[in-house]
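Below you'll find the structure, written out as structure tokens, and then a few comments.
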Amino acid sequence: MSGDVREASAKACANIALAKYWGKSDVKRNVPAVPSISMTLDLLVTETRVRFDPELSADLVRLDGRRASAGEAERVVTMLNRVRREARLRSKATVASHNRFPTAAGLASSASGFAALAAAASAAAGLRLSNRKLSALARASSASAARSIFGGFVELPAGQRGDDDLAARQIAPANHWNLRFVVALTEPGKKKVGSTEGMERSRQTSPYYASWLDQAPKWSRKIKRAIKDRELDVLGAAMEQSTLAFHCCAITSDPPIFYWAPATLAALATVRGLRQRGVSAWATMDAGPHVKALCHAADAPRVRQALDKTSGVTRTWVTKPGPGIEVQR
Ligand code: ADP
């Protein structure tokens, strides 16, 4: 049966949202309730290998060299099942994936993880999917993964209940704008409340959720235009508002969700201080305590130095606009 073994691998980069994603209009199909825009990052890479083997009696999932937990494996198997249905394939698979950065810590490992898995699994199963289809497939597992299929600057529109085909699209390629995200790592460890749970709690209990849904498209439009016009100050101001508004929903949920650590506030103050000294640097945080500062490439060493000196910041990386998915059959 060795002739029926089919394998492929894929490499995907994580992305950081500039217009933030928070809230679903269809939890089962994983459809976002607001439009989001991101920059794909060259340095935060996931590599995944998928091997369908008719001799296997169960799917085997390894993550970062260890056996995946039941919860992690379940999300992977759900994706494998979608691919098997589409390819009319019955074989079980081994999946080996490596995140070249911390997993589940608010650095978007689910984005690069599910983008790489969607691409590797569909290629291994013999499907020749367009990037659009691949993005819709990845989105069903993780909305931010839909954006990681593409390089550079990417948008994912909001969708309605029942929307199966919602996919991301590229706004501009990686070489459109020489920006940097300086990623400042604060507290180590996994986030305390997963994004899906946090979003649902916000939807059900935050008094500010309705105004978030109302305002988010406005910031998204502003950010899209600022990317096209290469206006960092316009982009940065809208990104910070979008960030603070979604964290406001999390903080005012019941029970409240604080993704921030003391070092998060210290790093925000550092970024504001840089601006007062004339450096165009702008901060964002995802569902975790780390701060990512957006700036021009020429300012990145200064922004990094300032964040390195900030109390509670343990490590920094400088990342630039990265490529879309790469597949090897
Ligand atoms: P993050 O901020 O890192 O995206 P999330 O809690 O949103 O954190 O997602 C992390 C989850 O995504 C993990 O617990 C795991 O289930 C899944 N995940 C992360 N990396 C991979 C990967 N390389 N392959 C498959 N699943 C992954």
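Against the conditions (1) away from the ligand (no atom under 15 Å from the Cβ); (2) at pLDDT below 95, Leu43 satisfies every one except (1).
Listed by first and then second residue, the pairs with beta-carbon distance under 8 Å, at least 6 apart or on different chains, first residue in the stretch 275-292 and without any contact (Cβ under 8 Å) to a residue 24 or more places away in the chain and over 14 Å from Glu187 (Cβ atoms), second among the hydrophobic types (A, V, I, L, M, F, W, C) and assigned to a loop (DSSP other than H, G, I, E, B), are Arg275/Ala281.
Here is a yes/no grid of residues against (1) in a helix (DSSP H, G or I); (2) surrounded by 16 or more Cβ atoms within 10 Å (Cβ to Cβ); (3) of a type in the set (Lys, Arg):
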| site | (1), (2), (3) |
| --- | --- |
| Lys11 | no, yes, yes |
| Trp22 | no, yes, no |
| Val34 | no, yes, no |
| Ile37 | no, yes, no |
| Leu41 | no, yes, no |
| Leu44 | no, yes, no |
| Thr48 | no, yes, no |
| Ala58 | no, no, no |
| Val61 | no, yes, no |
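Yes/no per residue for (1) touching a helix residue (DSSP H, G or I) at 6+ places or on another chain (Cβ under 7 Å); (2) buried (at least 20 other Cβ atoms within 10 Å of the Cβ); (3) of a type outside the set (A, V, I, L, M, F, W, C):
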{"site": "Arg84", "(1), (2), (3)": "no, no, yes"}
{"site": "Ala87", "(1), (2), (3)": "no, no, no"}
{"site": "Ala93", "(1), (2), (3)": "yes, yes, no"}
{"site": "Ala121", "(1), (2), (3)": "yes, yes, no"}
{"site": "Ser130", "(1), (2), (3)": "no, no, yes"}
{"site": "Leu134", "(1), (2), (3)": "yes, yes, no"}
{"site": "Gly151", "(1), (2), (3)": "yes, yes, yes"}
{"site": "Leu156", "(1), (2), (3)": "yes, yes, no"}
{"site": "Ala168", "(1), (2), (3)": "yes, yes, no"}
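Just to be sure, is Arg29 away from the ligand (no atom under 11 Å from the Cβ), under 19 Å from the mean Cα position of the chain (by Cα), surrounded by fewer than 20 Cβ atoms within 10 Å (Cβ to Cβ) and not hydroxyl-bearing (Ser, Thr, Tyr)? Yes; evaluated as a whole, the condition is true for this residue. Against the definition (among the aromatic types (Phe, Trp, Tyr), at pLDDT 95 or above, out of contact with any strand residue (DSSP E or B) (no Cβ under 9 Å at 6 or more places or on another chain) and outside any loop (DSSP other than H, G, I, E, B)), how does Trp219 come out, yes or no? When the stated conditions are applied, Trp219 does not pass them.
Can you spot a residue in the stretch 194-216 that is touching a helix residue (DSSP H, G or I) at 6+ places or on another chain (Cβ under 7 Å), within 16 Å of the ligand (Cβ to nearest atom), under 21 Å from Lys24 (Cα atoms) and part of a strand (DSSP E or B)? No: the stretch 194-216 contains no residue that is touching a helix residue (DSSP H, G or I) at 6+ places or on another chain (Cβ under 7 Å), within 16 Å of the ligand (Cβ to nearest atom), under 21 Å from Lys24 (Cα atoms) and part of a strand (DSSP E or B). Using the structure shown, decide if Asp64 is closer than 26 Å to Lys292 by Cα, near the ligand (Cβ under 8 Å from one of its atoms) and within 21 Å of the chain's Cα centre (by Cα). Answer is yes for this residue.
Rundown of residues vs (1) within 14 Å of the ligand (Cβ to nearest atom); (2) without any contact (Cβ under 8 Å) to a residue 40 or more places away in the chain; (3) out of contact with any Ser or Thr (no Cβ under 7 Å at 6 or more places or on another chain); (4) farther than 30 Å from Leu179 by Cα, yes/no style:
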{"position": "Ala10", "(1), (2), (3), (4)": "yes, no, no, no"}
{"position": "Asn15", "(1), (2), (3), (4)": "yes, no, no, no"}
{"position": "Pro35", "(1), (2), (3), (4)": "no, no, no, no"}
{"position": "Val50", "(1), (2), (3), (4)": "yes, no, yes, yes"}
{"position": "Asp53", "(1), (2), (3), (4)": "no, no, no, yes"}
{"position": "Ala58", "(1), (2), (3), (4)": "no, yes, yes, yes"}
{"position": "Arg88", "(1), (2), (3), (4)": "no, yes, yes, yes"}
{"position": "Val95", "(1), (2), (3), (4)": "yes, no, no, yes"}
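Scanning the stretch 210-232 for residues that are under 17 Å from Pro173 (Cβ atoms) and of a type in the set (Lys, Arg) gives Lys224, Lys228, Arg230. Scanning the stretch 58-76 for residues being closer than 21 Å to Arg139 by Cα and not small (Gly, Ala, Ser) gives a total of 6.
Do the conditions hold for Val182, that is, is it touching a Phe, Trp or Tyr at 6+ places or on another chain (Cβ under 9 Å) and at pLDDT below 95? Criteria not met by Val182.
Residues are listed down the side, and each one gets a yes or a no for (1) touching a strand residue (DSSP E or B) at 6+ places or on another chain (Cβ under 6 Å); (2) aromatic (Phe, Trp, Tyr); (3) within 19 Å of Leu44 (Cα to Cα):
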position	(1), (2), (3)
Cys248	no, no, no
Pro289	no, no, yes
Arg302	no, no, no
Gly322	yes, no, yes
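The values are calculated or read from the model by the stated rules, or taken from the named source; none is laboratory data. Owing to the predicted nature of the structure, the values given are computational and were not obtained by experimental measurement. With ideal geometry, Cβ positions are generated from the backbone for all residues, glycine too; neighbour counts draw on all protein chains shown.
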